[in-house]
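What follows is a short report on a single structure.
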Amino acid sequence: MKLEPQRTYRYYYLKFVRLKGEPAELARGVGLGLFVGITPTIPLHTVLILFVTFVTRSSKIAGLLASVAVSNPLTIPPTYYLSWRVGAWLTGTHISWEHIKSVMELVLSDAGFMESMTAVIHLGREALLTLLLGGFILALPVGLMGYFLSHRFFDAIQRKKRQKHILR
């Protein structure tokens, strides 16, 4: 499979140009889609976007398109890594390989089931909170920038369409 970034860019550009709706509604959808797409909530992206865009009366299609544009197999690894780094920096959490190894050794030892599960859950909760906090911190400026830039974009598209309509 050959990667063609220009073709992909053009594809998304045309998808966004063809969206119908008010610029503010479309821009809210894009901003929310970018926000959710950056957060490390992969199995829930679609559900979260549909829920949040429904509640805020935003464009669901714009939100889903924006999310897919920033959350894809090429962008997920660096996004999760940055989320982890930012979250770890903010919380002071440092889950090292030694810590993970000690939890694995505890699980494989003769320790009781509850003790093992408590260690795994604690490791999971700490990692999840670190990732989520870092993801939200990264997603906030991306979502806000996406809203303002896409509002200008959709406003310009609508002005162009009105001018074409008037000239006919």
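The values are calculated or read from the model by the stated rules, or taken from the named source; none is laboratory data. None of these values were measured; they are calculated from a predicted model. Virtual Cβ from ideal backbone geometry, glycine too; neighbours counted across all protein chains shown.
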* Identify all residues within the range 121-168 that are more than 30 Å from Y13 (Cα to Cα), of a type in the set (V, I, T) and in contact with a helix residue (DSSP H, G or I) (Cβ under 6 Å, 6 or more places away or on another chain); write none if there are none. => T130
* Asked: Any idea which residue in the range 129-140 is surrounded by the most Cβ atoms within 10 Å (Cβ to Cβ), counting only those that are of a type outside the set (G, A, S) and under 14 Å from W89 (Cα atoms)?
  -> T130
* Could you give me the residue pairs with C-beta distances under 6 Å whose first residue belongs to the range 43-71 and is free of Cβ contacts under 8 Å to residues at least 60 places away in the same chain, whose second residue is aromatic (F, W, Y) wherever it lies, and which are 6+ apart or on separate chains? => A69/Y12
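Looking only at the range 10-17, decide whether some residue is farther than 21 Å from L129 by Cβ, surrounded by fewer than 18 Cβ atoms within 10 Å (Cβ to Cβ) and charged (D, E, K, R).
yes
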* To do: Read through the list (1) at pLDDT 90 or above; (2) loosely packed, with under 14 Cβ neighbours inside 10 Å; (3) not aromatic (F, W, Y), then give the number of the only condition that E115 fails.
  => (1)
* **Neighbours by Cβ (under 8 Å, 6+ apart or cross-chain): first from the range 14-42, at pLDDT below 90; second buried (at least 17 other Cβ atoms within 10 Å of the Cβ) and in a loop (DSSP other than H, G, I, E, B)** => I42/S71
* Would you mind stating whether P78 is modelled with pLDDT under 95 and within 13 Å of the chain's Cα centre (by Cα)? => yes
